[in-house]
Amino acid sequence: MKDTENMSRFFSIANMLPLIIYLLIVCAGVIAHYMKIDWLEEFYGALDVGAAVALAVFAMWGYAEYSKQEQSIAIYFQVEELKKKTGLSLLRKNCTRSELLGVLGMIQKDPKNRFEIVSMKKVLFLDTLAHIQKGSAKELYIILTQSELEQFEMEE
């Protein structure tokens, strides 16, 4: 049922409208070229320049978004008001729960047993990761109790 809903959303008129307009403009341009309609060919010449400028702007915007995803996000532990640096960081685009669990496993004291952090099992933590991935946060603070902190080897 969910796949059907996704397909119907994808093929809705609102999503297809830009494609329909594009195809109409291309068809009108082809007709104008073969029918030798001068004013329409001049219009398409101007439209061509405008489209090239718009594409350049979109390319710059896309590059800015790409470079934002390449930023390094520092990971800190927070025990009450005390913030401790873990010495770890992730690229923004790789800042997911599974990747984070993997890198935290690198600094746990007992590699044979899995570490336990209660705050990572809450929705607030997932919201924090979502903010990081969207670019509205530059550091990740993981809230721990003192006993949870003792599971990890920390930089001093």
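The values are calculated or read from the model by the stated rules, or taken from the named source; none is laboratory data. Only a predicted model underlies this, so the values are computations on that prediction, with no experimental measurement involved. Positions of Cβ are backbone-derived with ideal geometry, glycine not excepted, and every protein chain shown enters the neighbour counts.
Got a sec? Which of Lys83, Lys36 is surrounded by 11 or more Cβ atoms within 10 Å (Cβ to Cβ) and of a type in the set (Lys, Arg)? Spell out the reasoning first.
On the way: Lys36 fails: surrounded by 11 or more Cβ atoms within 10 Å (Cβ to Cβ).
Result of the check over Lys83, Lys36: Lys83.
Name every residue in the stretch 71-91 that is among the hydrophobic types (A, V, I, L, M, F, W, C), within 16 Å of Gln146 (Cβ to Cβ) and without any contact (Cβ under 8 Å) to a residue 40 or more places away in the chain, in order of residue number.
First, the residues of the stretch 71-91 that are among the hydrophobic types (A, V, I, L, M, F, W, C): 73-75, 77, 79, 82, 88, 90-91.
Checking which are within 16 Å of Gln146 (Cβ to Cβ) leaves us with 77, 79, 82.
If the condition is that a residue be among the hydrophobic types (A, V, I, L, M, F, W, C), within 16 Å of Gln146 (Cβ to Cβ) and without any contact (Cβ under 8 Å) to a residue 40 or more places away in the chain, then Leu82 is the only one that fits.
Select from the stretch 1-47 the residues that are in a helix (DSSP H, G or I) and among the aromatic types (Phe, Trp, Tyr) and write down the one among them that is modelled with the lowest pLDDT. Break it down stepwise before answering.
To start, the set of residues in the stretch 1-47 that are in a helix (DSSP H, G or I) comprises 2-10, 13-35, 38-47.
Narrowing the set further to residues that are among the aromatic types (Phe, Trp, Tyr) leaves 10, 22, 34, 39, 43-44.
Numbers: Phe10: 59, Tyr22: 85, Tyr34: 81, Trp39: 81, Phe43: 80, Tyr44: 75.
It comes out as Phe10.
Given the conditions (1) closer than 30 Å to Met106 by Cα; (2) touching a Gly at 6+ places or on another chain (Cβ under 9 Å); (3) not aliphatic (A, V, I, L, M), report the number of the one that Tyr44 does not fulfil.
Single failed check for Tyr44: (1).
So Glu70 clears everything in (1) surrounded by 12 or more Cβ atoms within 10 Å (Cβ to Cβ); (2) in contact with a Leu (Cβ under 8 Å, 6 or more places away or on another chain) except one condition, right? Which one?
The failed condition is (1).
Which of the residues that make up the stretch 95-122 are without any contact (Cβ under 8 Å) to a residue 24 or more places away in the chain and either over 24 Å from the mean Cα position of the chain (by Cα) or surrounded by 14 or more Cβ atoms within 10 Å (Cβ to Cβ) (or both)? Quick ask: steps written out before the conclusion?
First, pick out the residues of the stretch 95-122 that are without any contact (Cβ under 8 Å) to a residue 24 or more places away in the chain: 98-99, 101-102, 105-106, 111-114, 120-122.
Matches in the stretch 95-122: Glu99, Gly105, Met106, Pro111, Lys112, Asn113, Arg114, Met120.
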